[in-house]
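Data block below; observations after.
The values are calculated or read from the model by the stated rules, or taken from the named source; none is laboratory data. Since this is a predicted model, take the numbers as computed values, not measurements. Note that we place each Cβ from the backbone using ideal geometry, even for glycine, and neighbour counts take in every protein chain shown.
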């Protein structure tokens, strides 16, 4: 799934998000441990804070990207992801998928409908863009649909592996208060990256 995206739509999407959605400069370092840095910043779109993770892994950008877009297995290391399902393959590097996110009782689990685009640059950097696509399929009563779910992965080749920058904004919506959701904004991405490292070593 990692040939260069050539469609005008995808290129426009990458440009828009690179310039606007994730250009906020006021990142505050909240945790640094085991070579993983987690930053937070306020969002203009939600009361939920946006996070950014920076780390290094002993795998190539292509190997990391393959793990990220592997819908059959990424639930094994992605914190709180119960399952994922491919809804539509748009091109070699574009698809729409569905995720079910587990949340603590007594709240109802969340559902994410997401566009994913993968772009490999000439310098070997791989960029993965994610953006909610809530009109793709109707909502059901089984889950609460997350209205905001967008972010990116930047995978840069480095000596012996890959430098990762991973940023995301996810608003669980519904009756989960922002103060409660924000309590997990640091720990969940930290655990996710730890899980990704372990998964890459075992595969």
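For residue 130, which of the numbered conditions (1) farther than 22 Å from residue 72 by Cα; (2) at pLDDT 95 or above fails to hold?
Single failed check for residue 130: (1).
Considering only strands (runs of 3 or more DSSP E) fully contained in segment 1-79, which possess at least 3 residues that are closer than 22 Å to residue 193 by Cα, within 17 Å of the chain's Cα centre (by Cα) and at pLDDT 95 or above?
Those strands (runs of 3 or more DSSP E) span 36-41, 50-57.
In segment 34-62, which residues are surrounded by fewer than 16 Cβ atoms within 10 Å (Cβ to Cβ) and either free of Cβ contacts under 8 Å to residues at least 60 places away in the same chain or closer than 22 Å to residue 181 by Cβ (or both)?
Correct list: 35, 42, 43, 44, 45, 47.
I'm trying to understand the selection: among the residues of segment 90-119, which are in contact with a helix residue (DSSP H, G or I) (Cβ under 8 Å, 6 or more places away or on another chain) and either farther than 30 Å from residue 158 by Cβ or not in a strand (DSSP E or B) (or both)?
93
Return the residues of segment 70-103 that are surrounded by fewer than 17 Cβ atoms within 10 Å (Cβ to Cβ) and out of contact with any strand residue (DSSP E or B) (no Cβ under 6 Å at 6 or more places or on another chain); say none if nothing qualifies.
Within segment 70-103, 70, 72, 73, 76, 90, 91, 92 meet the criteria.
With the requirement that a residue be part of a strand (DSSP E or B), in contact with a helix residue (DSSP H, G or I) (Cβ under 6 Å, 6 or more places away or on another chain) and buried (at least 17 other Cβ atoms within 10 Å of the Cβ), what does segment 154-183 give you?
155, 162, listed by residue number.
Which pairs turn up if I take residues in segment 120-139 that are on the phi > 0 side of the Ramachandran plot and assigned to a loop (DSSP other than H, G, I, E, B) and look for partners that are at pLDDT 95 or above and surrounded by 14 or more Cβ atoms within 10 Å (Cβ to Cβ) with beta carbon separation below 6 Å, at least 6 apart in sequence or on another chain?
124/157
Going by the structure shown, is residue 78 more than 22 Å from residue 61 (Cβ to Cβ) and touching a residue at least 12 places away in the same chain (Cβ under 8 Å)?
So residue 78 fails the test.
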